[in-house]
Structure formats: structure tokens, C-alpha cells
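Novice: A single structure is presented below for examination.
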Amino acid sequence: MSQAPTSINTIQAVNYALDDAMAADANVIVLGEDVADGQEGGIVGVTKGLSSKYGTSRVRSTPISEQAIVGAAIGASMVGMRPVAEIMLMNFTTVAMDMIVNHAAKLRFMSGGQTNVPIVIRTMTGAGFGTGGQHADYLEAWFAHVAGIKVVVPSNPADAYGLMLSCIRDDDPCLFIENMPSYWNPGNAPERGVAIPLGKANVVRAGTDVTVISYSRRVQEVMAAAEALANDGIACEVIDLRTVSPLDTDTILTSVAKTGRAVVVHEAVKPFGVGAEIASRIYEALFRELKAPVQRVGSQFCPVPFSKPLEDAFVPGVADIETAVRATLE
Amino acid sequence: MNAYQPPSSEVLVDIYRRMTLIKQNDERFRSVIKAGKLVMPYYSPRGQEVIPSAMSVCLTDDDYICTIYRGVHDMIAKGVPLKALWAELGGRVTGTCKGKGGPMHVTHPASGVMVTTGIVGSSMPIANGLALAAQIRGESRVAVAYFGDGASNIGAFHESLNMASVWKLPVVFVCQNNGYAEHTKYAYGTSVANIAQRAVAYQMPGVTVNGNDPIAMHKAAREAVDRARSGGGPTLIEANTFRFHGHVFGDPDAYMDKHEKAAWVAKDPVPLFRQWLIDAKHATEDQLAAMESEHEAQIDAAVEFTLSSAFPDVAELARDIFKDEVIA
């Protein structure tokens, strides 16, 4: 390994995780549209270099056939391979839903534990690039609603690395959601080979007044809001979920029991979202201890718009988060 | 590839053994369900016995199959033990899947039954994956995807055949064309006269075969399995057959042409092949009668085993979601 950089972006982080996993285990394979170097190692280059290093038998560019991609990953995984299947964009998972929901998530249960599906489905999404209504949705709540699939939502490069290692090593299917517009944002470099456990949230900022729970890209906005609020003497405790399913309810409740106030922030549209589930869990456990209603911050309930002013208004920004936090203090 | 060798008497009788075992089990399933002793959605494979029987004598326990809700014949032909099969269909904890899968989701890896799907067309993408693993590892295993004529109209069929062809996967796509997609007659919903024609679009061999003729079916199976095993890539077999009963048990099948059905039932492949084996001196009446009698005893034991087995504990609801039980 050449000299390790101290700062990397998420593209490099996921690439390192795939590289390290492939080097460690010959059963790890990568398949998806354009993933091999002959096709430029993926549309943003996440898989660049892997096929040159490990060969095109293990790193396969596929036809544009999302059902066949996920199906091939499922079948191979059932007999001991560790496939990482790329579904280029999260909206494209909708054409592979049968394979993901009816098969990947359920085969362990339906077979009474005789088979399992240790696949990782990598996908990217997120508003901000003007890709409009079919390339930027956050659909994590759809998958979190299905028993049998883990939903992993890293917010920064180092987490992306450590969580990807865990996903590949995990014996169950994992959906790994990468935020596209923040792919190039730098972050701390991970320690190579060290995995981050799934299902454990990370308290990324300690505070006493309000608990703010978020994940994926929006953690970056939440941290900016928390910094601004601190100038007004409001101490936010920020929880980065890292994994939406399984959900680390304990970490959430421990924090909210302390602060008595909670705000949930995600980029997915607000209705029927992960925020609703988290709010319910807080109410079920801590109703009497709450000092204010739980606030939910999500994108507006409409398709992701194209025009820049609309797109900017669609996603929750720092100001929206600040407003929600202040609302819990009124 | 070697020229096709007609099957020996031993193989012919083995094909019949599987065929009659399917027929005998099907008859018992229907009578037990009708008597109210077991409750399940049951998709009778009666009339389609030849196809998986002739396929399975060309496969080993190391070869994989992925089948569909009308797949109990495929499972029996591949060798799923009857007690565990019956108990699974009965929802008992002693079933292949602890009663958690049921008739549409039987899995039995020891006999190579990797997936049974209730979703039309979904056996094919997963069979590709099983074949892909074998290819990457340099194993000689073959994967078979069973599906019906209706499934050739769903996207998964087209994606899977294309990918299997591009990657030369060791997979055999076996379409059991029984003339009906649920309640809809073949020609009403399918653009081609024969499904095997669709293989042309994916640059793989496509053969239409009389799926009720054990020797013709065996020849098609042998060639396709040998091709897959030797690195020659996938084959699409369209095996023409007929479903003697409605889509699901209890279905009055008013949409089926009575004369057409009567004509197929009159050519029931199981008794016809039985008589042919005897006439051609591949087997004796006594030998086959003893085999059938032994099957009845096995089925008696499987039914008894099922009815005396416990249902799964409700704690099973929390198991097998993930490897470890987790609170969602």
C-alpha cells in the first residue's frame, strides 16, 4: 500500500473497502452496470481499478438488467459467494424490487434458515445535481419496511468504508445507500481493515438540550445547524444512525431521555418516512418525559424537481433544521 | 459433444419411477386436501410428470434447480425426501423449511432444490446466479430454471436469457408449456407460436420438444445439460405438456376447453409410458407394480408423519429474519 492519505472522499472510501474485501476473500465479487475498467470502473468511478486487479470474472460489467443483476447476486450468494451488486441509482431498484423484496429479504425465513443471501446492493441517490424526478429519490423507508434486509446509510467517507466492510462480511442482504452529490466531499480517512458494526448509531456531537437524529448526507447539514445553534446557546446532541434497519433504538432513547426533545432529519420525503417510525418509538417509550413534540424534517412531498430553485427548496437545509430545533424549545 | 445415446432400461425405469412417484403423490395431495386434513394452496402438476423426471436423471445432487409454485413435481423428481416435503406442505415444524415456506417456497439444498418461488418468472435470475458461482469457481455444476409458458412474457425471462447467453452460464431454462398462463390460453397472451423461438433473440439453442414423451424429453435434457456442463452455455427447452387440473386446487377450470383437456388426459403420459416399458421389455408388470406399491407405503408414511408432526412454535416468527435475532 502506498502512503495512506489523511483525507479521502466517499468514492475512494467505498473503492478501498471493495478492494480490501476482495483481497481478503476470493468469494467477494462485484457486478453491475459499467463497473469494470473497460467501462471506466463505474459511472463515478467507485469500482475503478478493481477489474484490472482482480479480473473481469470477479468484477463484471453487466447488461442494463437490474432484475438479472440482483438475481445473479442472490443465486451466487446462496452457495457461498459474497456478491456486491451495484444498482447504479436508487430509483433503479424499483425495477428489481421483486428480487430484492420477495427473494433476497425472504429466502432465509422461507427456507427455515437453510439458505441465506449475503449480498450487498450498492446504490447512489440524492438531490442536488439537477437529475430530476427519477434519479434522486431516497427510498430507504420502503426497504426498512421489509423484514430481512438491512439498510445502511453512511454520512461520510470513513463510515462508508467501515460500514461497507461490515456489509460484505454480513450473512444477510444489505442495501448500501451512497449519497451522490456529496461523493466528492472530503473526510477523514478510515483505518484500513477496521469494520464499523451494523445496527449501531454514532453520537457525533454531544449536547444536552435537543437530540437531532439523522443519517446519510443530511448529517452534514445537521452538524452545520448544530454549530450555528450552539452560538445561541442551544446544545444539540447529534446522532448519526449509520443504519436505518436494524434501527439503534437504544441510542436514540438514551439521548432523548436525557434531552427530552427530539428532531429527526432525513432527505426522504417526510410523510410515512423513517422519521415517523423514530417519532413513534420515542413516543411509545418516553411520552411522559418529553418536553415538546418530536419534530420531523424531510423533503417536501413531491417528486424531486429539476429547476435549481425548486430543488433547493425541496430538500431540508440548515435553516429548516434550525427552525425545527427551535420549535422544540418554544 | 458425444452423439446422443438412448437411455438404458435402467434410466428409462428411473424416469418412470420419478413420474409415477409424482403422480401418486399428486393424487394423495388432492385427496388429503379434499378430505380437509391439510389446508394449503395447491398447484397440481398432474400431466407434467415427464419433464422434471427426464431432466432429473441427467442431473446430480450437486446440480441446482430453481422452481416455481407449480413445482412439487420438480422437487419430487430432484429427490426431496417425501416426509420433509409433505410436512412442509402441511406447515409442520418437521418440514424442509420448518413449515415457514409452504408449498410455494420449498427449499432443500441437500437435493439441490435451492429456490421455489411464488413469483412468475423469478426462478430464472436466481438460477443464473447459482450458475455464475459454479462458473467462477470452475465447478461442473449445472443450474436448471423451471418456469411456465406464462413466465416467458415477464421481463425477468428476457433479462435472464440475455445475461446467461452473454456470460455463457451453465444453466438450462426449462419452460413447461402447459398451454395456460393461470386462466389465459397460450395464444391469447404470447406473440410467438413456440417459446423456443425466443432463444434466437438471445443467441442460444432453443428446442421445442414433446414434454410428454420421456425419450424425446430425455434427449433434450441430456444435450442441454451436457452443453451447460461442458462450458457451451445455456439452452432454452420448451417442453410442451398439459395441465390436467385448474390453476390452483379448487379452481373450477371453466376456462379450459373440455375437449382439449379430455384429449390430453386420454394420452396421460404416466400409464402410456408404463405400458411402453412393459411392452418393450424394459420392465415387467410385477416390477412396476411393486415399485408403485412401495411408493404408496412411502406416501402413507409421509402423510402419517405430517399429521402427527407439531406445528412450528410461534417463536419461529422471530427466527431466520437475519442470522441473529435482532430487534428491528
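Novice: Pop a pseudo-label 7 angstrom from the Cα along the beta-carbon direction at both B:LYS37 and B:ALA193 and give the gap in nm to one decimal.
Specialist: Once both label points are built, they end up 4.8 nm from each other.
Novice: Diagonalise the Cα gyration tensor of the range A:202-329 and give the resulting equivalent ellipsoid semi-axes, square root of 5 times each eigenvalue, largest first, whole Å.
Specialist: After scaling each eigenvalue by five and taking roots: 22, 17, 13 Å.
Novice: Please tell me which of these pairs span more than 19 angstrom C-alpha to C-alpha: B:LYS37/B:LYS83; B:LYS37/B:LYS78; B:LYS98/B:LYS323?
Specialist: Long pairs (Cα-Cα over 19 Å): B:LYS37/B:LYS78.
Novice: Divide the volume of the convex hull of the Cα atoms of chain B by its number of residues and quote the answer in cubic angstrom per residue.
Specialist: So the per-residue Cα hull volume is 143 Å³.
Novice: Separate question: With equal scatterers on the alpha carbons only and no solvent term, can you work out the Debye log10 of I(q)/I(0) for the range B:30-80 at 0.17 1/Å?
Specialist: -0.58
Novice: Further question: About its Cα centre, how strong a charge dipole does the range A:202-329 have in debye, to the nearest 20, once Lys and Arg get +1 and Asp and Glu get -1 at the Cβ?
Specialist: 180
Novice: Show me B:296-305, A:213-222, B:277-286 ranked by packing, highest mean number of other Cβ atoms within 10 Å first.
Specialist: Descending mean neighbour count gives A:213-222, B:296-305, B:277-286.
Novice: Also, quick follow-up: Under a point-charge model restricted to the Cβ atoms of Lys and Arg (+1) and Asp and Glu (-1), what is the dipole moment magnitude of chain B relative to its Cα centre, in debye to the nearest 20?
Specialist: In total the dipole reaches around 440 debye.
Novice: Still on this model: In whole angstrom, note down how far apart the Cα centers of the range A:193-271 and the range A:307-330 are.
Specialist: If we compute the Cα centre of each part, the gap is 16 Å.
Novice: Now for a different question. What residue among A:VAL35, B:ALA315, A:SER255 has its Cα farthest toward the positive end of the dipole of the protein assembly as shown, where the charges are +1 on Lys, Arg and -1 on Asp, Glu, each on the Cβ?
Specialist: Towards the positive end, the residue furthest out is B:ALA315.
Novice: I'd like the distance separating the alpha-carbon centroids of the range B:138-181 and the range B:210-276, in whole Å.
Specialist: The two parts, judged by their Cα centres, are 16 Å apart.
Novice: I've got another one for you. In whole Å, how far is the Cα centre of the range B:69-137 from that of the range A:61-113?
Specialist: Using only Cα atoms, the two centres lie 18 Å from each other.
Novice: Next question. Using a cut-off of 10 Å between beta-carbons, work out the net charge of the residues near B:LEU130 (Lys and Arg +1, Asp and Glu -1, B:LEU130 not included).
Specialist: 0
Novice: Mind checking the dipole of the protein assembly as shown: about its Cα centre, +1 per Lys or Arg Cβ, -1 per Asp or Glu Cβ, Debye to the nearest 20?
Specialist: So the dipole magnitude of the protein assembly as shown works out to roughly 500 debye.
Novice: Which one of A:ILE234, A:VAL79, A:THR6 is farthest out on the positive end of the charge dipole of chain A, using unit charges on Cβ (Lys, Arg +1; Asp, Glu -1) and the Cα centre as origin?
Specialist: Of the candidates, A:VAL79 comes out farthest on the positive side.
Novice: Need one value for B:313-322: mean number of C-beta atoms belonging to other chains within 10 Å of its residues' C-beta atoms.
Specialist: That works out to 5 on average.
Novice: What is the packing order of peptides A:148-158, A:39-49, taking the mean over residues of other C-beta atoms within 10 Å and listing the highest first?
Specialist: Ranking the peptides A:148-158, A:39-49 by packing returns A:148-158, A:39-49.
Novice: Averaged over B:79-86, how many beta carbons belonging to a partner chain fall within 10 Å of each residue's beta carbon?
Specialist: Mean number of neighbouring Cβ atoms from other chains: 0.
Novice: Still on this model: Please compute, for peptide B:97-107, the average count of beta-carbon atoms on other protein chains lying within 10 Å of each residue's beta-carbon.
Specialist: Counting Cβ atoms of other protein chains within 10 Å of each residue's Cβ and averaging gives 4.
Novice: Sticking with this one: Considering only DSSP beta bridges whose two residues both sit in the protein assembly as shown, what percent are antiparallel, to the nearest 5?
Specialist: 15
Novice: Calculate for chain B the 222 nm mean residue ellipticity that helices alone would give, adding -39,500 (n - 2.57) per DSSP H run of length 4 or more and normalising by residue count, nearest 500 deg cm²/dmol.
Specialist: Roughly -13500 deg cm²/dmol at 222 nm, from the helical runs in chain B.
Novice: At a Cα cut-off below 21 Å, give the lysines reachable from B:LYS261, other chains included and same-chain residues fewer than 8 away excluded.
Specialist: Straight-line reach from B:LYS261, under 21 Å: B:LYS23, B:LYS185.
Novice: Sticking with this structure for a sec: At 7 Å along the Cα-to-beta-carbon direction for both B:SER140 and A:ALA4, put a label point, then send me their distance in nm to one decimal.
Specialist: Placing both labels 7 Å beyond Cα along the Cβ direction yields 4.7 nm.
Novice: If the rule is a partner Cβ under 4.7 Å, which cysteines in chain A fail it?
Specialist: When partners are defined as cysteine Cβ atoms under 4.7 Å apart, chain A leaves A:CYS236, A:CYS302 without one.
Novice: While we're here: At what distance in nm do the modelled label points of B:GLN5 and A:TRP184 sit from each other, each positioned 7 Å from its Cα along Cα→Cβ?
Specialist: Taking the two extended label points, one gets 6.5 nm.
Novice: Counting DSSP beta bridges with both partners in the range A:77-208, what percentage is antiparallel, nearest 5?
Specialist: Taking every DSSP beta bridge with both residues in the range A:77-208, the antiparallel ones total about 0 percent.
Novice: Another question, then. Output wanted: per-residue J couplings in Hz (rounded whole) for the range B:4-15, from phi through Karplus 6.51 cos²θ - 1.76 cosθ + 1.60, θ = phi - 60°, x for Gly and Pro.
Specialist: 5, 9, x, x, 6, 4, 4, 5, 4, 5, 5, 4
Novice: Please figure out what share of the DSSP beta bridges in the range B:9-318 is antiparallel and state it in percent, rounded to the nearest 5.
Specialist: Rounded to the nearest five, the antiparallel share is 10 percent.
No value in this document is a laboratory result; all are computed from the given coordinates. As the structure is a computational prediction, the values presented were derived from the model and not from experiment. Neighbour counts are summed over all protein chains in view; Cβ atoms, including those assigned to glycine, are modelled from backbone coordinates with ideal geometry.
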